[in-house]
Amino acid sequence: MVSFFSNKFFRFFKFFKRNQKISLGLYGPPNAGKTTLANTILKDILGDDAPEFSTSSVEHETRKVQKIEKLELKKNGRTINFNLIDTPGIATKIDFEDFVKDGMKKKDAKERAMQATQGVIESIKWIDSVDAVLIVLDSTMNPYNQVNITLVANLVNKNKKIIVVANKTDLKKSNTEKIKLVFPDYKIVSISAKSGEGIEDLYDAIFKEFY
């Protein structure tokens, strides 16, 4: 007997087969490298005409959803048409004092914390608007935390297609095996959005999982 969840899966699978234009969201905690990955994807597709989103070592640099429409990813004679949605990092706690420690003035830190909080709310609202998600995680950090587990559970509950991206493999502390252990049921792709390592593997996975 085919279960209810299996039927839902096959309907969703057929949706992607019929509609190769998707809304692809980049989700994950702050400073995981979502915006750096967005910039890399845009550069690969648009070349020198690509916009470049701002990045920073300070958390919550991206505080508003950034959307680029009508992109085409081509590989081996296939094409996926998609909109790319780069979302603010999701966090359970945002404290202005953390920004003060990073060198911000108190007034600026409070403003950034307020904007970052609004960014988290906006990110969560946008989940309903995306078809598929790249969950970008910092592979130097422990992946087993409330933000990551809750995010994945929320996406699964809303029937979103998922690829987990283990980013920052160029760093010595990178440990992608921990990510694989925490999320064994999902496709894991190891990359360095900064250096470009593994990006072609990510594109292969996007076609395999989302095409």
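The values are calculated or read from the model by the stated rules, or taken from the named source; none is laboratory data. The structure displayed is predicted, hence computed values, not measured ones. Methodologically, a virtual Cβ is constructed for each residue, glycine included, from the backbone with ideal geometry; neighbour enumeration extends over all protein chains shown.
Taking the options I179, I163, I127, I149, name whichever one is outside any loop (DSSP other than H, G, I, E, B), among the β-branched types (V, I, T) and free of Cβ contacts under 8 Å to residues at least 40 places away in the same chain.
Of the residues listed, the single one that is outside any loop (DSSP other than H, G, I, E, B), among the β-branched types (V, I, T) and free of Cβ contacts under 8 Å to residues at least 40 places away in the same chain is I149.
Quick one: count up the residues across the stretch 163-175 that are crowded, with 20+ Cβ neighbours inside 10 Å and of a type outside the set (K, R).
Of the residues in that region, 5 qualify.
Restricted to the stretch 9-36, and to residues that are at pLDDT 80 or above and in a helix (DSSP H, G or I), which residue is surrounded by the fewest Cβ atoms within 10 Å (Cβ to Cβ)?
Ranking the qualifying residues of the stretch 9-36, first place goes to T36.
Name the single residue that is farthest from I22 (Cα to Cα) among those in the stretch 37-72 being surrounded by fewer than 13 Cβ atoms within 10 Å (Cβ to Cβ) and among the small types (G, A, S).
My answer is S57.
Can you tell me which residue in the stretch 40-67 is farthest from I85 (Cα to Cα), limited to those that are among the aliphatic types (A, V, I, L, M) and in contact with a strand residue (DSSP E or B) (Cβ under 7 Å, 6 or more places away or on another chain)?
The selected residue is I45.
Results for (1) surrounded by 14 or more Cβ atoms within 10 Å (Cβ to Cβ); (2) under 18 Å from T55 (Cα atoms), shown as yes or no for each residue.
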position: R78; (1), (2): no, no
position: N83; (1), (2): yes, no
position: D102; (1), (2): no, yes
position: D108; (1), (2): no, yes
position: V130; (1), (2): yes, no
position: V133; (1), (2): yes, no
position: E177; (1), (2): no, no
position: P184; (1), (2): no, no
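Check I90, I121 and return the single one that is loosely packed, with under 14 Cβ neighbours inside 10 Å and under 18 Å from the mean Cα position of the chain (by Cα).
Just one listed residue meets the conditions, I121.
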